[in-house]
Amino acid sequence: MKKNNNLMIGIIAIVAIAVVYFVTRPGDSETANTKDTIVLGAAVSLTGKYSTNGKHTQNGYNLAVERINGMGGVKVDGKSYKFDIIYYDDESNSGRAAQLAERLIKQDKVQYLLGPYSSGLTKAIAPVTEENKIPMVEANGASRSLFTKGYKYLFAVLSSANLYLDVAIDLAVEKNGGPVNIAMAFEQDAFSQDVRLGIVEAAERTGSTIIIDDKLPKELNDMAATLSKVKATSPDVLVVSGHSKGALTAIRQIAEMQVDVKMLAMTHCDASKLAKQHGRKAEFALCAAQWHKELTYSDEFFGNGIKFDKDFTDKFGYAPPYQAAESAAALLVFKDAFERANSLDREKVRDALVGTDMETFYGKIKFGEGGQNTAKPMVLFQVRCDNPDGSCANRLVAPTKWASHELIHPIPPWVMREH
Amino acid sequence: MSLLIFEQPILLLQASIDGILIGVLFALIAYGMALQWGVMNIINIAQGELVIMGGYVAYFMYVIGIHPAFGVIVAPIVMYFVGVGLYKLVINKVVDRDLFISILATFGISILTQQLMNFVFGADVVVAQSNFGTTMLFDNSVTLPNSKIFSALVSVIVAIVLVIYMKKSKLGRAIRATAQNSRAAKILGVDTEKVYAATFGINAALCGVAGACIAITFTLHPYVGLPYTVRSFMIVILAGLGNLPGVALSGMGLGIFEEFADYLLGTEFRIGAVFLLLVLILVYRRFKLSRKREYLK
């Protein structure tokens, strides 16, 4: 009797599982889209080491979705659709990000993806979207290697990493009236090394000489040796890139060791809150950014940069770093592509994405061969402590078309600076 | 580029002093590791996280408006209790076990504290400003940040105080007795459980001091603890357990070696060079040991 009971329970369990499976399993032809929503998928870093920037990315996406839906949504084939995003937390881990991309595509049946935060995670996801032919518009992976692999379904609204600081070299050459001596210190990771490549090319182009070329190990938090070399050789330009840690370490030690250079060019000033954390010590540092609120681009959704800045600040309680702006722009690109494709078919959407040529509050967007945005220049700002209360802020100095302030060059020597 | 240091000999001095100042700080962390390794036979993978946690204590003080340098007093007090708490919670269950179990347990603690710090303080890289200024030597050609000098001095003072405490105090003697032979110490009335808790607490307190120094000299981030663990591990291996002067010497030696490797081989090889040195020393030690064994035959 007991044996029979067990058998019965077993059979019932199997039947139940099968029923649940078949009832809940989405059909193969189904997509996540419903009759009035277009569902996008995104794995972003909500925990782990990228969680701050992951949050900026998510906030940018959300603000854009809210705005687009509030203004009538996406019109495809005479019908109005709303955007919806399925988020997963990739824990700042590239393995996890790739898994989640699979899950979004295979289980959630998402047809279009938004990018994660950071080049590393985008690199992990791109092969998955490529294999499944899922168009992905990403806003936070700038590494050049993303755009040299011949990906057909990857579109980035940002300029590739090698373009981050080469403008600075041009600027230095212009100010110097001839070739300059360059000292560089770059962290050994994909992004910073791409920035380095850009500098090397700019040096060749302008006939400048690279006199120090230090590659900083990732674990390193002391740049004293590099800066001693800089002090001993007094180059015209010092270029540093090593994410937030590199930016903060560099400014701290440049100030402490009173290293005088005519120009200091860096990345990640925005992300590391350089002006706030180091105050006057960071003054005159020149920083590369994908976007600045004072740029005069405009669109119908956010108006312009200043308005985006205000709306974002009202909603989330902090001023948007460029990571949030570019993320919001990704949604505008998708909307535009859906409407031009006039279809939800992902191949048609992909083809429409290729033909993107638009202006958003964030900048002009047009995709090059590899999927990177070729229509938008990088901007440079200089940290300046000219607020009435003595606090410091990022002031736009290049390109000259939008510059609100004139570049101060050369940087005054430390003996003349109060800090 | 590699010859710059010889073209400008003043850099030799700069590199040596930089190396010593950093080496002393690392030696302090390593001393904590050597202490609890020697006494409890535990390799603490979470050492770096304890350091960073101490740093965040100083950073927290800085945020609420207290000078972060006072962190070298407050952080060790806070971290002592964190250390004792960790001992009571986890470490006491692995203290007599296999070394591998303790590595796993402390690895777990390390991941947990990283995530916890990320949760509490966020994933931003932060710095605490000491505004200590700079000491210039030889007509501005050798520059020494006062924050580094401060950190090195604090490390030396703490180390000296600790050595005296270990020699003179009752607890210090109990710790040394337990390190020599825990069973015998127990028989003679030493409460080894208490000794272990205190040892782990003292280790955490040392990490707290070092962390506060790092908050004002370098940068803090929830995930940058590992290099400190690895470095202190190397220093201890180099010096041998229970060899305090050795720890101080190898800390400074590695610091100087690293700075010179930077100038001679290039920045990208400085950490690699340190590891290569470690391998060479271990091979040399093994070679020496095997010769000894032959001699005994």
**Message:** Quick check: pseudo-label points 7 Å beyond the Cα along Cα→Cβ at A:I11 and A:T34, how many nm apart are they?
**Reply:** 3.9
**Over chain A, relative contact order from alpha-carbon pairs under 8 Å, at least 6 apart, %** = 16
**Message:** What does the net charge come to around A:A203 if you take all other residues with beta carbon closer than 13 Å to its beta carbon, with K and R at +1 and D and E at -1?
**Reply:** -4
**Message:** Taking a ≥ b ≥ c as the square roots of the Cα gyration tensor eigenvalues, with a/c under 1.5 meaning rounded and otherwise prolate when a/b beats b/c, else oblate, which class fits segment B:21-240?
**Reply:** prolate
**Asked** Amide H to amide H under 5 Å from A:L216: which residues, 5+ apart in sequence or cross-chain, H placed 1.01 Å off N in plane?
**Response** A:F186, A:E187, A:Q188
**Message:** If you fit an axis through the alpha-carbon atoms of helix A:224-233 and take the longest principal axis of the Cα set of chain A, what angle between them do you get, 0 to 90°, nearest 10?
**Reply:** 40
**Low-density loop positions, GluC sites (Glu not before Pro), segment A:153-224 - DSSP coil, at most 14 other Cβ in 10 Å** = A:E219
**Request:** Sort the protein assembly as shown into rounded, prolate or oblate with this rule: let a ≥ b ≥ c be the square roots of the eigenvalues of the Cα gyration tensor; rounded if a/c is under 1.5, and if a/c is not under 1.5, prolate when a/b is larger than b/c, oblate otherwise.
**Result:** oblate
**Asked** Based on the Cβ-Cβ distance of B:K186 and B:F275, what FRET efficiency does E = 1/(1 + (r/R0)^6) give at R0 = 56 Å, to the nearest 0.05?
**Response** 0.90
**Request:** Please say if chain A is rounded, prolate or oblate, where rounded means a/c under 1.5 for a ≥ b ≥ c the square roots of the C-alpha gyration tensor eigenvalues, and otherwise the choice is prolate for a/b larger than b/c and oblate otherwise?
**Result:** prolate
**Fill in**
Fewest to most Cβ atoms within 10 Å: B:F132, B:F269, A:F367 sort as B:F269, B:F132, A:F367
**Request:** Starting from the Cα-Cα distance between A:L197 and A:F316, subtract it from 0.36 nm times their residue separation and give me the gain in nm to one decimal.
**Result:** 39.2 nm
**Message:** How much of the DSSP bridge set in the protein assembly as shown is antiparallel, in percent, rounded to the nearest 5?
**Reply:** 40
**Point-to-point label distance, A:H405-A:E219, nm (Cα→Cβ direction, 7 Å offset)** = 3.9
**Complete:** For B:K170, counting only aspartates and glutamates whose alpha-carbon sits under 19 Å away and dropping same-chain residues fewer than eight positions off, the answer is B:D191, B:E193
**Request:** Please report A:W414, A:W291 as a ranked list, fewest other C-beta atoms within 10 angstrom at the top and most at the bottom.
**Result:** A:W414, A:W291
**Request:** Report the charge-dipole magnitude of the protein assembly as shown in Debye, nearest 20, computed about the Cα centre from +1 at each Lys and Arg Cβ and -1 at each Asp and Glu Cβ.
**Result:** 2940
**Prompt:** Tell me, A:H56, A:H405 in order of fewest to most beta-carbon neighbours within 10 Å?
**Reply:** A:H405, A:H56
**Message:** Can you compute the helix-only [θ] at 222 nm over chain A? Use -39500 (n - 2.57) per DSSP H run of at least 4 residues, normalise by all residues, nearest 500 deg cm²/dmol.
**Reply:** -13000 deg cm²/dmol
**Only Lys, Arg (+1) and Asp, Glu (-1) charged, at Cβ; chain A dipole about Cα centre in debye** = 860
**Using alpha-carbon coordinates, inclination of helix A:94-106 to the longest axis of chain A, degrees** = 40
**Item:** Dipole-positive endmost among B:Q114, B:V209, B:T135 within segment B:21-240 (Cβ charges, Cα centre)
**Value:** B:V209
**For chain A, share of DSSP beta bridges that run antiparallel, in % to the nearest 5** = 35
**Request:** For B:V120 and B:I103, compute 0.36 nm times the residue count separating them, minus their Cα-Cα distance, and round to one decimal in nm.
**Result:** 3.6 nm
**Complete:** On the formula 1/(1 + (r/R0)^6), with r taken between the Cβ atoms of B:L137 and B:R173 and R0 of 56 Å, the FRET efficiency rounded to 0.05 is 0.85
**Prompt:** What is the dipole size for segment B:21-240, taken about its Cα centre, with +1 at each Lys and Arg Cβ and -1 at each Asp and Glu Cβ, in debye to the nearest 20?
**Reply:** 780
**Item:** Long-range amide H partners of A:V239 with built H, under 5 Å
**Value:** A:A183, A:M184, A:A185, A:A265
**Fill in**
Taking alpha-carbon centroids only, segment B:26-91 lies from segment B:227-297 a number of Å equal to 24
**Message:** On a full-extension model of 0.36 nm per residue, what is the gain between A:T209 and A:D299, subtracting their alpha-carbon distance, rounded to one decimal in nm?
**Reply:** 28.2 nm
**Message:** Taking amide H atoms as placed 1.01 Å from N in the peptide plane, list the residues 5 or more away in sequence, or in a different chain, whose amide H sits under 5 Å from that of A:E138.
**Reply:** A:G115, A:F155, A:A156, A:V157
**Request:** Would you calculate the separation in nanometres between label points at A:S343 and A:T47, each defined as 7 Å from the Cα along the Cα-to-beta-carbon direction?
**Result:** 4.2
**Message:** Output wanted: per-residue J couplings in Hz (rounded whole) for segment B:262-276, from phi through Karplus 6.51 cos²θ - 1.76 cosθ + 1.60, θ = phi - 60°, x for Gly and Pro.
**Reply:** 4, 6, 8, 9, x, 4, 5, 9, 5, 6, x, 5, 5, 5, 4
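No lab work stands behind these numbers, since they all come straight from the coordinates. Remember, it's a predicted structure, so these values are computed and weren't measured experimentally. We place every Cβ from the backbone using ideal geometry, glycine too, and count neighbours over all the protein chains shown.
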